[in-house]
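Student: Mind having a look at this structure? Questions to follow.
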Amino acid sequence: MVRNIRVKLKYKLDNSYDIVIGENLDKVIFNDLKRFAHSKYVIVTDDVTRKLLGNKLLAALKKNKISSDLVSFTAGEKNKNIATVTKICRELLRKGTDRKSCVIALGGGVVGDIAGFVASVFMRGVEFVQIPTTLLAMVDSSIGGKVGVDLDSGKNILGMFAQPKKVYVDINFLKTLPTSELENGLAEIIKHGIIADKRLFEYIEKNLDKIFMRKKDALMRIIVDSVKIKKTIVEKDEKESLLRMKLNFGHTTGHAIEALSNYKIKHGKGVALGMLIESRIANKLGMLNSFELLRINLLVRRAGLDIHDDVFKAVNKKNLNKLVLLMHHDKKAFKGDIRFILPLAIGKVTIKSSLKDNLIKESVLDVLPAW
């Protein structure tokens, strides 16, 4: 005898949230946290951000009579793994965190990914807010709900979609941000221009000096435009069934390069190199004209996204096969076939698969000598 019993779970879920962009958002954050009325707020950050900002935020929360605590881990992409998640979860338990608590992700992209992943799995999920402190996190990783950690075989292999309750983008953090981190964030903003907004790309071309001078109007313009691009795509394709893949321009190659370098190459520079290689592939296929390719090359280099010789050794002729193998492990891959996001013009891209490995290797070699 066979009996079939159906569990009906049809329901609608609203994952909408606000992204607040501005200066001096402390009062806004404190008022919101009081209004959210969680049993406790736990700041999750890395040891570097803890010293710079975390301890101050914790003291301010307590001064505003908001029940709070802090957990930190050793900074760096190399620590973005399941062991770190386990350690943080144990610390949360030790500090009395419960299902009505809320995690505050304070830091750059690695912190946001780890803290968001911790929140999504701790006690089967608690709410979290994002307070990104780097340009890259402000325009990319804090938005869209992608959280996760790395495996030896690739970036973000373990993860899920978990949307934050709110995101607070305070451009005051950028005043003291190291230039190298500003460059890393610019890689993602240039990417947004190439995939969806030619005017944003042109604005960066004309105003790069103002951006590096940390002029408020320039920073607000590129951040707001980037956030709008990403939020529009995420609204249409939250779980990356197809359209959202376009946000991964430069990432198929970039993630593989980062992994191959044992993460000595930072994410922004990996993506920048990936954008050049993938643009070269598009040019070789006759999809992107040479003038547009030149503009992409020039802006990436003007933005300071170069690869130094000591790190450059991570990618060479001897390990091209390993580089391509890592691309085959990319999450967008389907039945072993690599999917690339390739530009048709500045402001427009398409998804392309079934590319020959030799074409990929040739394009990598075409770009690398120039660096």
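Throughout, read-outs are computed from the coordinates displayed, never taken from laboratory work. All values derive from a computational prediction rather than experimental measurement. In this analysis, Cβ positions are derived from the backbone assuming ideal geometry, glycine residues included, and neighbour counts consider all displayed protein chains.
Student: Toward the positive end of the charge dipole of the chain, about the Cα centre and with charges on Cβ (Lys, Arg +1; Asp, Glu -1), which of Thr74, Met123, Ala218 goes farthest?
Tutor: Sorting the options by dipole projection puts first Met123.
Student: Calculate log10 I(q)/I(0) of the chain for q = 0.08, 0.11 Å⁻¹, where I(q) comes from the Debye formula with a single equal point scatterer on each Cα and nothing for solvent.
Tutor: So the normalised log intensities work out to -0.40, -0.75.
Student: Hey, if you put +1 on the Cβ of every Lys and Arg and -1 on every Asp and Glu Cβ in the chain, which of Leu294, Asn15, Leu106 ends up farthest toward the positive end of that dipole?
Tutor: It is Asn15.
Student: Sticking with this structure for a sec: Express in nm, to one decimal, how much length is gained between Lys335 and Glu238 on full extension, taking 0.36 nm for each residue of separation and deducting their alpha carbon distance.
Tutor: Working: separation 97, 0.36 × 97 = 34.92 nm, distance 2.24 nm.
Full-extension gain reported as 32.7 nm.
Student: What's the magnitude of the charge dipole for region 18-175 around its Cα centre, counting Lys and Arg as +1 and Asp and Glu as -1 at the beta-carbon? Answer in Debye, nearest 20. Mind showing how you got there, number by number?
Tutor: Working: 24 positive and 16 negative charges, 139 e Å.
Roughly 660 debye for region 18-175.
Student: Springs between alpha-carbon pairs under 10 angstrom, Gaussian network model over the chain: which of Leu13, Leu342, Leu285 fluctuates most?
Tutor: Of Leu13, Leu342, Leu285, the most mobile in the Gaussian network model is Leu13.
Student: Name the trypsin sites (Lys or Arg not before Pro) in region 91-189 that are in a loop by DSSP and that have at most 14 other C-beta atoms within 10 Å, would you? Could the numbers behind the result be given before it?
Tutor: Details: sites: Arg94, Lys95, Arg99, Lys100, Arg124, Lys146, Lys155, Lys165, Lys166, Lys175; in loops: Lys95, Arg99, Lys100, Lys165.
Sparse-neighbourhood loop trypsin sites (Lys or Arg not before Pro): Lys95, Arg99, Lys100.
Student: Based on Cα positions only, what radius of gyration and what Dmax would you give for region 240-370, in angstroms?
Tutor: According to the Cα coordinates of region 240-370, Rg and Dmax are 13.5, 38 Å.
Student: Kindly provide the Kirkwood hydrodynamic radius of region 1-122 in Å, to one decimal, from all pairs of distinct alpha carbon atoms.
Tutor: Numbers: mean 1/r = 0.0619 Å⁻¹.
Taking the inverse mean of 1/r over all distinct Cα pairs, region 1-122 comes out at 16.2 Å.
Student: Between Thr86 and Ser353, what is the label-to-label distance in nm when each label sits 7 Å out along the Cα-to-Cβ direction?
Tutor: Once both label points are built, they end up 3.4 nm from each other.
Student: Let me ask something else about it. Summing Lys, Arg as +1 and Asp, Glu as -1, what charge do residues with Cβ under 13 Å from the Cβ of Leu344 carry, Leu344 excluded? Display every interim value, and only then the final one.
Tutor: On the way: positive: Lys198, Lys246, Lys348, Lys352; negative: Glu278, Glu292.
Local charge sum for Leu344: +2.
Student: Determine which residues of region 1-15 fall in the zone a paramagnetic label at Arg124 would reach in this model, i.e. backbone nitrogen under 20 Å from the point 7 Å along Cα→Cβ.
Tutor: Residues 6-15 fall inside that zone.
Student: Here is a further query. If you put +1 on each Lys and Arg Cβ and -1 on each Asp and Glu Cβ, how big is the dipole of the chain around its Cα centre, in Debye rounded to 20? Before the final figure, lay out the partial values.
Tutor: Details: 65 positive and 41 negative charges, 230 e Å.
Roughly 1100 debye for the chain.
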